[in-house]
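Written out below as structure tokens is the structure these notes cover.
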Ligand code: 5AD
Ligand code: SF4
């Protein structure tokens, strides 16, 4: 039975004359039933449908969390609005870098003005940013019009908070320091009908010295393999052909389970699901990407020919201070092993520049790795100081001007290698998943290759969600023009 059907049955069976049940997910189903009644009444009073909008910042995990939030909002009777001028507005935030925080506060300020002209509007802020106490204090003090603040560990209670928020005035703040359980079977509204992310682990135990994630997402917890496989099967029976397995460090999947299961074993089991055509995963940590995982990828064509392998820095000195637990040469031999074992694989990465104490000789090392690995693409970030992390109190912070100069050097090197790699597939015919109508020219359909590159082909919307054989006629830097063969 599809997830949404199961929760729908529980919601239909909820007895609103009795108190909310204690056990989950029946408790959330009860609150969804109650919210439905409230929204129906308000819509009748307003003489129109009520609307919602969820604005998502940050990574794939947040995108997945937003699908859960949207799933609940839709199932209680809200309709999606095209802008933030909506009856229920949610900001699902990221705090990995400071500019993400600043963007949310800017948007929140504007939402406060919208609220003045929209009686009954509710504004919620959730996600990683509000797991930090200082941000919650700032919201309490300077953004008093916010109605609901909830964290990442208790997202599964959103229906309950939504209901309370509709029935009371004043700000509700519900932040937990850790997760008490993993609740399965809540409604999910997938952004794309044919592809989906699935969480396999939550949290992170690595404590890279610059990173706030372990503090806001908590310790690593793996879902049981059987739950993951069941969710994959349900998605496939619902029309999904591509699944992305999500975790902060997918390689350490399963080590915390009562009956341990390695990530390679999980991947192999997911590959065996009939009807599933493509599998991706994000993100492996280079320190423990096993030969076993490389072998499973190599032997299963269903697994995308794309490995995102965050480097962060190419300098041994900086890597040590970052607490990454690998050396430059270890990283390079891993990347070259991947290239050798998996033909046509694309390797992409994340790089941080301007880490405390970083000097030009460290950037030279990073550029050396970029050239030797030959990345297909790289996300380069300027180091952002996150309060409470070890790197934030390192004395030798790099001035902004220096950081910007280092950033330009790294970016130029990345562009050089990415350009060199991009054209290599020109003329080949490959499988591509048709994803959407091209945003610039609606007579083209944008498709994604196994290696994550995009190819635009003449076509129509009936192709969307299908795996097609596409000839890559012309490379335009980071994407192709092609045709279905
Ligand atoms: N400053 C800059 N970039 C960071 N990242 C994580 N923390 C920081 C920080 N404090 C980057 C890393 C990570 C990506 C998701 O974000 O490169 O891989
Ligand atoms: Fe942050 Fe490092 Fe964990 Fe990634 S592995 S989430 S960079 S602490």
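Observations, loosely collected:
- Rel. contact order, % - alpha carbon contacts under 8 angstrom, at least six apart, the chain: 10 percent
- Centroid-to-centroid separation of region 439-479 and region 234-289 [C-alpha atoms, Å]: 26 Å
- Between the helical axis of 400-422 and the longest alpha-carbon principal axis of the chain there is an angle of about 70 degrees.
- For region 22-82, the Kirkwood estimate of the hydrodynamic radius, built from every pair of different alpha carbons, is 12.8 Å.
- Residue-span extension gain [residue 337 to residue 405] - 0.36 nm each, minus C-alpha spacing: 21.3 nm
- In terms of other Cβ atoms within 10 Å, 308, 419 run from fewest to most in the order 419, 308.
- Extents of region 284-395, largest first, come to 48, 27, 20 Å (Cα atoms, principal axes, whole angstrom).
- More than 28 angstrom apart: percent of Cα pairs within the chain: 57 percent
- Bins of 10 Å from zero: percent of alpha-carbon pairs in region 68-118: 21, 44, 32, 3
- When region 330-398 is reduced to its Cα atoms, the Kirkwood hydrodynamic radius in Å: 13.8 Å
- Computed E for residue 22/residue 415 - FRET, C-beta separation, R0 51 angstrom, nearest 0.05: 0.35
- Potential extension, residue 466-residue 79 segment - 0.36 nm per residue separation minus Cα distance: 136.6 nm
- Full-extension gain in nm, residue 259 to residue 394, via 0.36 nm per residue minus C-alpha separation: 44.6 nm
- Degrees, to the nearest 10: 225-237 long Cα axis against longest axis of the chain: 80 degrees
- Working ranking of peptides 51-60, 98-107, 360-369 by packing, defined as the average number of other Cβ atoms within 10 Å per residue, highest first, is 51-60, 360-369, 98-107.
- Mean shadow area of region 188-254, taken as a quarter of the surface of its Cα convex hull (nm²): 5.1 nm²
- Looking at region 8-116, the pairs of alpha carbons with a distance over 17 Å make up 62% of the total.
- Its residue count N fixes a reference of 2.2 N^0.38 Å for region 103-214, and the Cα radius of gyration divided by that reference is 1.20.
- Each part gets one Cα centre, and for region 298-341 versus region 380-429 those centres are 16 Å apart.
- Percent of beta bridges antiparallel (DSSP, the chain, rounded to nearest 5): 35 percent
- Within region 335-485, the proportion of C-alpha pairs whose separation exceeds 28 Å stands at 38%.
- Per residue, the chain reaches -12000 deg cm²/dmol at 222 nm when only DSSP H runs of four or more residues are counted, each adding -39500 (n - 2.57).
- For region 200-345, a Kirkwood radius taken over Cα pairs fed into Stokes-Einstein (4 °C, viscosity 1.567 mPa s) yields D = 80 µm²/s.
- Acute angle (nearest 10 degrees) that the helix 158-167 long axis makes with the longest principal axis of the chain, alpha-carbon atoms: 40 degrees
- The radius of gyration of the Cα set in region 129-188, together with its Dmax, comes out at 12.3, 36 angstrom.
The numbers here are math on the coordinates, done by the rules we state, and not lab data. Remember, predicted model here, so these are calculated numbers, not experimental data. Cβ: placed from backbone, ideal geometry, glycine included. Neighbour counts: every protein chain shown.
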